[in-house]
Amino acid sequence: MEKQPKLLSSQLLLKNRLFEVTLQRATLSWKDTPAAGRRRASGGINGTLKVGSYCVPVSEIIAVRETEVDSRTKDDGRWQKMSQASAGTHPFAFTVSYVDRGSRHRWRCSDVTFHCPDGALCHQWVQTIKEQLLLLTNRPKHLLVYINPFGGKQQGKRIYEQKVAPLFSRASISTDVIVTERANHARDHLRTDADLKKYDGVVCVGGDGMFSEVIHGLISRTQREAGVDENCPEEKLVPCDLRIGIIPAGSTDCICYATVGVNDPITSALHIIVGDSQALDVCSVHHNSTFLRYSVSLLGYGFYGDVLTDSERKRWMGPARYDISGLKTFLTHNYYEGTVSFLPATDILGTPRDKTKCRAGCYVCQDSEWRLSEDKQLCKLDEDVLDQEEDGRWQVIRSKFLAINAASMSCACPRSPKGLSPAAHLADGTADLILVRKCSRLDFLRHLLRHTSKDDQFDLAFVEVHRVRRFRFTPKHCESDSELDLKESGKKLFSHICRDHPACGCATVNSNWNCDGEILQHAAIEVRVHCQLVKLFARGIEELPVFEDPCCPSAI
Ligand SMILES: CCCCCCCCCCCCC/C=C/[C@@H](O)[C@H](COP(=O)(O)O)NC(=O)CCCCC
Ligand SMILES: Nc1ncnc2c1ncn2[C@@H]1O[C@H](COP(=O)(O)OP(=O)(O)O)[C@@H](O)[C@H]1O
Ligand SMILES: [Ca+2]
C-alpha cells in the first residue's frame, strides 16, 4: 500500500512525558518515545496515562486551541504540576478536544494538551489541525435550537445551558435559541416563519413530542415549497434537507435512545457537532383523505393509546405518569374490535423476527437507500403498474385486539432497552405491525414483561408481527362525521362509567391512537411509510466502541 505523507510529526510533551505526535491519514496519534520510559509518569489522559499509543480520527476532534502555559497546567478539571524543567524547555502548548467513548454508547468530550518547545511549532500544529477540521463539510456551523421548558422533568433549559451550549461554543457553532412559549410554537415557526436558509440544522431540546413538532414543521414546509399535497395519501413526499438534532429532555425520549443508544444530552450534542447523519422513515397518517399526523416511532392503538390518554391527565407527575397509567390500563384490560388491512413489504432483506439489529451503517437500510435512488428513476407509468400489483397483495385481519402497534423503528427506550420491535430498522421504508389479540391478563403480562428481557415477545400464540409498507385500521364501530359527534357527546358518559368501574368490562367502544406520544382524533386511519424522509444528527447505535475495535485502538 502506498505510504501517505505525514502532515506533521513532532516530539511533544504530554504530562511531562515525551510523545511522538503525528497527524497523518486524517488521524491524530501520539505514542510514547523510547526516551519517555526514563521519565517519571505523572497522570495523563483521564488521569492515568498508560504507556502506549493513542489515536483520534480528525472527524472526532471537536476543537483545537493554543493554551496558556503556566508552571502548573490545568487538565481534566484538575491542576497538574508541570516540572520547572518541562515548563522551561516546552513553554508553548495547544489543547485538542475530542470525542472519548465511555460505556454503553455514552460519549464525552476529553482534552489532551501537548507542550511544544517553540511558539512557531505550536502555532503550526493548531493551524494544521484547524485546516483539517475545515475540510469536514458535513459539520453544522449555524443551528436553530428550540427548547421545551416543560418537557420531562422541566429541565430542558438548564440541560441546554449547562451541558450543550458550552460544547457548541467550543466547536464554534453559532445558534439562534427559541424557548417555546406554547405547544406547537416550534412547529408553526418552522412551518412558516423561520428563515431556514440560514441554518445547517434544527435542534430540539425535549422529548418525542418536541421532536414531533419539529418534523411536522419541516415536512409540511418542504411539501408546501415543492407543491406536494399532504392531504393526498398517495403522494410521494419530498425528503427534508435540514438535519435534526435531539437533545433528550423529555419523558420517554424513545427517538433519541433508538438512534443513539443512550439518552444523554452530552452524547447527543457531540453527535451534532461531528455532523453525523442518520436517515429516518416517517409514517404519514390519514383519515378519509385528510392528513392527520406523521409518526417516526410508535403508532399504538389499544394499550399504548389508552396509556397515553390516561397519562395526559397526569402530566403534572412528569415521566412517572406513564408508570401509573400503564398499570391502570393493564388492569382495565380493554380490548377493541376492528379490521386491520396491510401491505406486506416483500422486496426487503430483513424480517421482524430475524434477530438482526439495526446498527450504524446497517446494510438493510443501505439496501433500501439504494432501492430508493433506483425508484426515483421510475416513470409514472411504472408506478401505476406497481400500484395495481400492490392491490392484490393486501392482507386483511378482523379480530378483537388488546393492542395494535406499528413501530417504524425499534422503539427502544430506558423502559424497554430492546424496544417494541427489536429487529425494526430506522431507514428501511417499512414498519413492523404488531397485533396483540384478546387474551387473558396473565398472558398479556407475559407479553409485556418480555419487552424487558431476552425472551421473544412475538413468540406467543396471540401475537403476530408483519413488516409492512402500508396499513389501514377500521374499528368495528367506525365513525362517520356524525357518529364522531355522537361519540364526542357519549364519551364523557362512557369514560365516567369505565373510570369508576375499571374491572366491570364495559369497554369503551374505541381506543385512541398514540402517535409518537400525541393522541389522534380518529380511530379509522390509513398509514403509509415514507422511506428516509428526514435526517438526524445521529449515526445509529454503534456496534462496538472504537477502543474495542482492533482496526483503530485508542489505547494499545
Ligand atoms: C410490566 C412491564 C411492562 C413493560 C412494558 C414496557 C414496554 C415499553 C415500550 C415503550 C415504547 C415507547 C414508544 C415511544 C413512545 C413515545 O413516543 C411516547 C411519548 O414520549 P414523550 O414525548 O417523551 O413523553 N411515550 C409513550 O407513549 C409512553 C409509553 C409508556 C408505556 C408504559
Ligand atoms: N412552551 C410549551 N408549553 C406547553 N407545551 C409545550 C411547550 N413547548 C412544547 N410543548 C408541548 O409539550 C408536549 C410534550 O413535550 P415533550 O418535549 O415531548 O415532553 P414529554 O416527553 O415530557 O412529553 C408536546 O406535545 C409539545 O408540543
Ligand atoms: Ca423502518
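The values are calculated or read from the model by the stated rules, or taken from the named source; none is laboratory data. Here the structure is a predicted model, which means the values were calculated and not measured. Cβ atoms come from the backbone with ideal geometry, glycine included; neighbour counts cover every protein chain shown. Calculation scope for accessible area: heavy atoms of the full protein, side chains included, ligands and nucleic acids excluded. Shrake-Rupley method; radii C 1.70, N 1.55, O 1.52, S 1.80 Å.
Would you check which residues across the stretch 141-180 are open to solvent by 50 Å² or more (accessible area, probe 1.4 Å) and touching a residue at least 60 places away in the same chain (Cβ under 8 Å) and list them?
Lys153, Gln154, Gln155, Lys163, Arg170, Ser172
If you check Leu299 against the conditions, is it away from ligand 1 (no atom under 12 Å from the Cβ), crowded, with 24+ Cβ neighbours inside 10 Å and on the phi < 0 side of the Ramachandran plot?
Spelling it out, it is not the case that Leu299 is away from ligand 1 (no atom under 12 Å from the Cβ), crowded, with 24+ Cβ neighbours inside 10 Å and on the phi < 0 side of the Ramachandran plot.
Hey, among the residues in the stretch 519-556 that are acidic (Asp, Glu) and at pLDDT 95 or above, which one's surrounded by the fewest Cβ atoms within 10 Å (Cβ to Cβ)?
Among residues in the stretch 519-556 that are acidic (Asp, Glu) and at pLDDT 95 or above, the one surrounded by the fewest Cβ atoms within 10 Å (Cβ to Cβ) is Glu542.
For the stretch 102-157, give me the residue count where each residue is under 16 Å from Asn263 (Cβ atoms) and away from ligand 1 (no atom under 16 Å from the Cβ).
Number of matching residues: 7.
Taking Gly207, is it over 14 Å from Arg293 (Cα atoms) and in the same structural domain as Cys283 (by TED's automatic domain parsing)? Can you show your working first?
Numbers: over 14 Å from Arg293 (Cα atoms): yes; in the same structural domain as Cys283 (by TED's automatic domain parsing): yes.
Yes, satisfied.
Report yes if some residue within the stretch 258-279 is under 30 Å from Glu337 (Cβ atoms) and either more than 16 Å from ligand 3 (Cβ to nearest atom) or surrounded by 24 or more Cβ atoms within 10 Å (Cβ to Cβ) (or both); otherwise report no.
First, pick out the residues of the stretch 258-279 that are under 30 Å from Glu337 (Cβ atoms): none.
Checked the stretch 258-279: no residue is under 30 Å from Glu337 (Cβ atoms) and either more than 16 Å from ligand 3 (Cβ to nearest atom) or surrounded by 24 or more Cβ atoms within 10 Å (Cβ to Cβ) (or both).
Select from the stretch 306-353 the residues that are charged (D, E, K, R), open to solvent by 50 Å² or more (accessible area, probe 1.4 Å) and in contact (Cβ under 8 Å) with a residue 12 or more places away in the chain and list them in ascending order.
Residues satisfying the conditions are Glu312, Lys328, Glu337, Asp347, Arg353.
Out of the residues in the stretch 436-464 that are among the aliphatic types (A, V, I, L, M) and surrounded by fewer than 22 Cβ atoms within 10 Å (Cβ to Cβ), state the one that is farthest from ligand 2 (Cβ to nearest atom).
Applying the filter and picking the extreme gives Ala461.
Identify, please: which residue in the stretch 397-435 is aliphatic (A, V, I, L, M) and away from ligand 3 (no atom under 16 Å from the Cβ) and is, among those, most open to solvent (accessible area, probe 1.4 Å)?
Selected residue: Ile397.
For residues that are in a helix (DSSP H, G or I) and closer than 14 Å to Gly217 by Cβ, tally how many sit in the stretch 160-191. Outline the logic, then answer.
First, pick out the residues of the stretch 160-191 that are in a helix (DSSP H, G or I): 160-170, 185-191.
Right, trim to closer than 14 Å to Gly217 by Cβ and you get 185-191.
Number of matching residues: 7.
Of the residues in the stretch 181-204, how many are touching a residue at least 24 places away in the same chain (Cβ under 8 Å) and either more than 9 Å from ligand 2 (Cβ to nearest atom) or crowded, with 17+ Cβ neighbours inside 10 Å (or both)?
Total satisfying the criteria: 16.
Tell me, yes or no, whether the stretch 126-137 has at least one residue that is under 24 Å from Ile266 (Cα atoms), β-branched (Val, Ile, Thr), assigned to a helix (DSSP H, G or I) and assigned by TED's automatic domain parsing to the domain that holds Trp107.
yes
From the set of residues in the stretch 208-218 that are open to solvent by less than 10 Å² (accessible area, probe 1.4 Å) and small (Gly, Ala, Ser), which is nearest to ligand 3 (Cβ to nearest atom)?
The selected residue is Ser212.
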